[in-house]
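The values are calculated or read from the model by the stated rules, or taken from the named source; none is laboratory data. Since we're looking at a predicted model, the values are computed, not measured. Here Cβ is always computed from backbone atoms with ideal geometry, including for glycine, and neighbour counts include all displayed protein chains. SASA here: full protein model, heavy atoms, side chains in, ligands and nucleic acids out. Shrake-Rupley method; radii C 1.70, N 1.55, O 1.52, S 1.80 Å.
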Amino acid sequence: QVQLVESGGGLVQAGGSLRLSCAASGSIGSINSLGWYRQAPGKQRELVAALTSTGITNYIESVKGRFTISRDNAKNTMYLQMNSLKAEDTGVYYCNVASVRRGVLQGYWGQGTQVTVSS
């Protein structure tokens with residue numbers, strides 16, 4: 001079985017920084033892409049950052065220049081570095097791995113970690 005365990009969330013003042021981690025275990029398969037999603041209170045979950053297996057990154061416009069998605073293969077861990085945080089960044093952040101296992105495209109989710117930015 002696959003597990004994604006997130007950490008690094010917390011309460012921070014506007015303008016501050018946080019680094020989220022997502023550690024993977026189990027047989028994930030061939031990874032197509034990695035992503036970080038967030039869900040603000042009362043809103044739908046949205047993709048904020050993605051990293052393909054070929055190293056291409058994508059970010060929603062509101063976080064460009066402030067957030068960086070990365071991975072450390074040796075540690076089986078992906079990261080989201082968040083700088084210059086704003087109140088609107090508040091929400092539960094989820095890591096996601098999209099992979100092919102047994103010929104089937106599969107998505108795996110972390111449990112979520114709360115990020116709260118005070119203005």
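Some observations on this one:
- With protein chains left intact and a 1.4 Å probe, residues in segment 62-119 average 51 Å² of accessible area per residue.
- Paramagnetic label zone (point 7 Å from Cα along Cα-to-C-beta, S7; backbone N under 18 Å) in segment 92-117: 93-96, 110-115
- 23 Å Cα-Cα reach of K64 towards lysines, excluding residues that sit fewer than 8 places from it in its own chain: K43, K86
- The chain, dipole about Cα centre (Lys/Arg Cβ +1, Asp/Glu Cβ -1), debye to the nearest 20: 160
- Sulfur and carbon atoms: percent of accessible area, the chain [1.4 Å]: 48
- Here the alpha carbons of the chain define both size measures, Rg and Dmax, at 13.9, 47 Å.
- Computed extension gain for A14 through R45, at 0.36 nm per residue and net of the alpha carbon distance, reaches 9.0 nm.
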